[in-house]
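Nothing in this text is a laboratory measurement; each read-out follows from the coordinates by a stated rule. Just so you know, these numbers come straight off a predicted model, no measurement behind them. Here the Cβ is made from the backbone with ideal geometry for all residues, glycine too, and neighbour counts use every protein chain on show.
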Amino acid sequence: RDHGKSPFVIYQGAWNVMARSFEREIIPMARAYGMALAPWNVLAAGKLRTDAEEEARRISGEKGRMIFGPDWERNADEKKMSAALEKVAKEVGAKHITSVAIAYLMQKVPYVFPIIGGRKVEHLLANVEALDVVLSPEQIAYLESILPFDPGFPSTMIGDGLKHSNLIASVAHFDRLPIPQAIRHGKE
């Protein structure tokens with residue numbers, strides 16, 4: 001900006017309902033600089049699926065892509081999150097838990113444009129369904145409670161700038177600007 005150059009306008013990185021370290025520094029930076037976000041690994045490398053979908057894979061022998069190791073089956077945390085996504089999908093009338101996982105990211109902060117892959121028409125239809133999914137703040141909080149996120153230091157000491165911080169308030173007056181809200185998709 002100082003030299004008349006165009007600033008960065010978008011940040012690309014790994015982010016999903018289970019792997020939320022992106023929220024530690026990337027989202028605050030993007031918010032401060034007015035940047036959009038293009039998360040990848042949105043569907044946790046295909047590990048977000050129902051028990052029925054996993055059993056169907058086991059029976060058919062289709063394991064899917066195994067990019068990050070030889071184990072195609074979900075671990076305990078992935079099963080727990082998949083069950084939570086399935087519960088929320090039933091509440092909002094979504095057919096696919098992956099559409100809830102995509103909607104979760106798109107409704108957390110503004111200007112989120114997920115990078116989503118798919119190998120089948122069914123994947124495309126599930127991805128598009130996310131545009132019609134509207135999550136309540138309670139549903140977002142529920143999903144976040146399944147695998148709690150620790151923002152780490154210094155956020156645990158001074159906060160994220162969105163809420164009152166006793167430490168900052170003890171040394172200075174702090175005016176907070178309202179943060180932009182996520183673009184709401186679907187029928188409201």
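List the GluC sites (Glu not before Pro) within the stretch 39-136 that fall in a DSSP loop (any state other than H, G, I, E or B) and whose Cβ has at most 15 other Cβ atoms within 10 Å. Each step should come with its number before you reach the end.
Values: sites: GLU53, GLU54, GLU55, GLU62, GLU73, GLU78, GLU86, GLU91, GLU122, GLU129; in loops: GLU62, GLU73.
Here the GluC sites (Glu not before Pro) that fit, given the DSSP loop and packing criteria, are GLU62, GLU73.
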Note: ALA19 to ARG58 extended length (0.36 nm per residue) minus current alpha-carbon separation gives 11.5 nm
Under 12 Å Cα-Cα from LYS79, which aspartates and glutamates qualify once same-chain neighbours fewer than 8 residues away are excluded? ASP51, GLU53, GLU54
Taking one equal scatterer on every alpha-carbon of the stretch 10-169, how large is log10 of I(q)/I(0) by Debye at q = 0.09, 0.15, 0.19 1/Å? -0.32, -0.85, -1.29
Cα→Cβ-extended label distance, 7 Å offset, between ALA172 and PHE113, nm: 3.4
Loop-only chymotrypsin sites (Phe, Trp or Tyr not before Pro) in the stretch 1-45, please: DSSP not H, G, I, E or B, and at most 13 other Cβ atoms within 10 Å. PHE8
Once all Cα-Cα distances of the stretch 9-66 are split into 5 Å bins that start at 0, what whole-number percent is in each one? 4, 17, 22, 16, 11, 10, 9, 7, 4, 1
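State the extension gain, in nm to one decimal, for the chain segment bounded by ASP2 and ALA182, taking 0.36 nm per residue of separation less the distance between their alpha-carbons.
Separation in residues times 0.36 nm, less the Cα-Cα distance, equals 61.9 nm.
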